[in-house]
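First up is the structure itself, then whatever we jot down about it.
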């Protein structure tokens, strides 16, 4: 029941209540789904490791930071409550994944659902591009007859159409980011020496998803795909050759018109770097709590188009610290899982559902019943590598988007921790980093991210 309701919650979030429920959306049916998901999740809390993960503390801290940012800086308690309830539905995605998707089969169901969401948007957008959208629009950013298509200009009298979703992915760049995050995860269905199965369940869906990324004409999407390719190829051909190939991919994509005829350079990104500078100025003026969640656009002409900058500007150093506290253990665990040197052979026999493992204080003790190991070292490395590539795609696209708090990141964090727990219970990986070590790491990474933005801005200004 928990899996089914959770999937309904995710689909409603991405596809929107209006599309899923039609006129019932007027009755805030999405709130009913959220309440139902909360109720069915309660029994799973008692036997869950949710409160042992640092991401849970980080999300609680982010929730407090969102409330405090409005309460302190905007001096509006109602704004704090509003910001809190804007953030919580996204963070709830992490909770649902950790509680209910605790096996490879369940993770496959989750990935399949995410892929179907993307393919639905691609199919609707492709259909509307062919049969619904007219060519009469002459103003950039205007709505078309389709809610899945946006018109944009790349020069005088030069227009092109971009695919997008609805709701939280109602921007071509946002939809490209989601799709790129899903593409590596689809390889969870890959099976050795199963040619027909791999073509049907991996190759064809991945090609369709890549086509959807093309239809978004997202420059950030191209960079994110290049990052995924670099991560995928690095261990096979080396870091330098993979970086060269990634750069070649970006140049080829621009030359072939994947970006809609727009280039990728510091000159074309001048407006965004100016917004980054504005964001750092906001952090300087409001260093602790920021200017309030979603409130950066009230201080500038637009949002920052950088997840780090928007997090720092809107939630201040407090929010950036907790965001880093969520990100650092997620990346660390994904790196450990993907490393053949850091994952050991299983010390405990267990079936895929962990039915033969029972909680005993802080340890997990095997019952007398033994079964063959289904999740072995090679499988853990594979799953860890897939989530690492997915995170690389999200973070690279997030460098050009103001999407620090979207559900996609928290779903990825949940997947990483589910896989890590599967390996941890089998004695295949070291314990999670203790909080006393994570806190300075998170602080250092938060400072490093801001310094990186600052140095980049200084370098860009020197080249102009």
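None of the figures in this text is laboratory data; all of them are computed from the coordinates on show. Keep in mind that this is a model prediction, so the values were computed, not measured. Positions of Cβ are backbone-derived with ideal geometry, glycine not excepted, and every protein chain shown enters the neighbour counts.
So the values come out like this:
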{"quantity": "Relative contact order (percent, whole number), segment 1-46, Cα cutoff 8 Å, 6+ residue spacing", "calculated": "49 percent"}
{"quantity": "Proxy reagent accessibility, fewest Cβ within 10 Å first, across 399, 323", "calculated": "399, 323"}
{"quantity": "Global form of segment 1-46, assessed from the alpha-carbon gyration tensor, a/c cut-off 1.5", "calculated": "prolate"}
{"quantity": "For 345, 128, order by how many other beta-carbon atoms lie within 10 Å, fewest first", "calculated": "345, 128"}
{"quantity": "Segment 1-129: C-alpha gyration tensor shape, a/c 1.5 cut-off, then a/b vs b/c", "calculated": "oblate"}
{"quantity": "Residues in segment 16-45 that a label on residue 166 would reach, taking backbone N under 12 Å of a point 7 Å out along Cα→Cβ", "calculated": "16-26"}
{"quantity": "Simple spin-label estimate for residue 8 and residue 108 in nanometres, 7 Å along Cα-Cβ", "calculated": "2.5 nm"}
{"quantity": "Average silhouette area of the chain, convex hull of alpha-carbon atoms, in square nanometres", "calculated": "23.7 nm²"}
{"quantity": "Contact order normalised by residue count of segment 1-101, Cα under 8 Å, 6+ apart, percent", "calculated": "31 percent"}
{"quantity": "Rounded to 10°, Cα long-axis angle of helix 270-285 versus longest principal axis of the chain", "calculated": "70 degrees"}
{"quantity": "Helix 172-185 vs. the chain, principal-axis angle (Cα, 0 to 90°, nearest 10)", "calculated": "30 degrees"}
{"quantity": "Stretchable slack from residue 31 to residue 64, in nm (0.36 nm times residue separation minus alpha-carbon distance)", "calculated": "9.8 nm"}
{"quantity": "Extended-chain gain in nm, criterion 0.36 nm per residue less alpha-carbon gap, residue 271 and residue 159", "calculated": "38.3 nm"}
{"quantity": "Relative contact order [Cα under 8 Å, 6+ residues apart], the chain, whole percent", "calculated": "19 percent"}
{"quantity": "Simple label model, 7 Å out from Cα along Cβ direction - residue 461 to residue 39, nm", "calculated": "5.7 nm"}
{"quantity": "Helix-derived mean residue ellipticity, 222 nm - over the chain, DSSP H n ≥ 4, -39500 (n - 2.57), to 500", "calculated": "-21000 deg cm²/dmol"}
{"quantity": "Least to most buried among 26, 278 (fewest other Cβ within 10 Å first)", "calculated": "26, 278"}
{"quantity": "Most to least packed among 192-200, 177-185, 116-124 [average Cβ atoms within 10 Å]", "calculated": "177-185, 116-124, 192-200"}
{"quantity": "For segment 159-262: rounded, prolate or oblate by the Cα gyration tensor [a/c cutoff 1.5]", "calculated": "oblate"}
{"quantity": "Label-point separation in nm, residue 194 to residue 255, each point 7 Å along Cα→Cβ", "calculated": "3.9 nm"}
{"quantity": "Contour excess over end-to-end distance, with Cα ends at residue 281 and residue 339 and 0.36 nm allotted per residue", "calculated": "16.9 nm"}
